[in-house]
């Protein structure tokens, strides 16, 4: 696998080729099912695997890229055994840095179910700005949940 970014404990590896694409698809399907969303809702996206201790522990990605407005929606998934170890923070910082510096995006958007308190705290730690709340916008586990909209903007 060709490493393209390395933070202190994680590497981001660009998903390329059929085997990588299949693995990325499975990770995003798991992520969407866990969140109670349609696992086919991402459409075309750029995915980087999160590698730690020589194994793939998750993925970060950008989807719905709008090259005119220079914005995209972000996705992050870390496998349950690897959560709460700081890996998501490192991977998100690297993904955002690459989105702004290499892809020349202006804004990265992310929506989180309002009951995902750990994720909400993580976004606060990563200086994501809250943009709003969409009430009863996610249906999962037999009920509706609010989602909280956040973003990062290119610093000018």
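The values are calculated or read from the model by the stated rules, or taken from the named source; none is laboratory data. Being a predicted model, the structure only gives us computed values, none of them experimental. For neighbour counting, all protein chains shown are included, and Cβ atoms are generated from backbone atoms with ideal geometry for every residue, glycine included.
Considering (1) in contact (Cβ under 8 Å) with a residue 40 or more places away in the chain; (2) touching a strand residue (DSSP E or B) at 6+ places or on another chain (Cβ under 9 Å); (3) closer than 19 Å to residue 48 by Cβ; (4) surrounded by fewer than 18 Cβ atoms within 10 Å (Cβ to Cβ), the lone condition that residue 93 does not fulfil carries the number (2).
Of all residues in the range 72-82, none satisfies being touching a residue at least 40 places away in the same chain (Cβ under 8 Å), outside any strand (DSSP E or B), out of contact with any strand residue (DSSP E or B) (no Cβ under 6 Å at 6 or more places or on another chain) and under 18 Å from residue 49 (Cβ atoms). For the range 62-71, taking the residues that are without any contact (Cβ under 8 Å) to a residue 12 or more places away in the chain and outside any strand (DSSP E or B), the one that is surrounded by the most Cβ atoms within 10 Å (Cβ to Cβ) is identified as 67.
Filtering the range 114-135 to residues that are farther than 18 Å from residue 62 by Cα and in a strand (DSSP E or B) leaves 130, 131, 132, 133, 134, 135.
Restricting to the range 43-61, and then to whatever is touching a helix residue (DSSP H, G or I) at 6+ places or on another chain (Cβ under 6 Å) and either modelled with pLDDT of 85 or more or part of a loop (DSSP other than H, G, I, E, B) (or both), can you tell me which residue is surrounded by the fewest Cβ atoms within 10 Å (Cβ to Cβ)?
The extreme case among them is 52.
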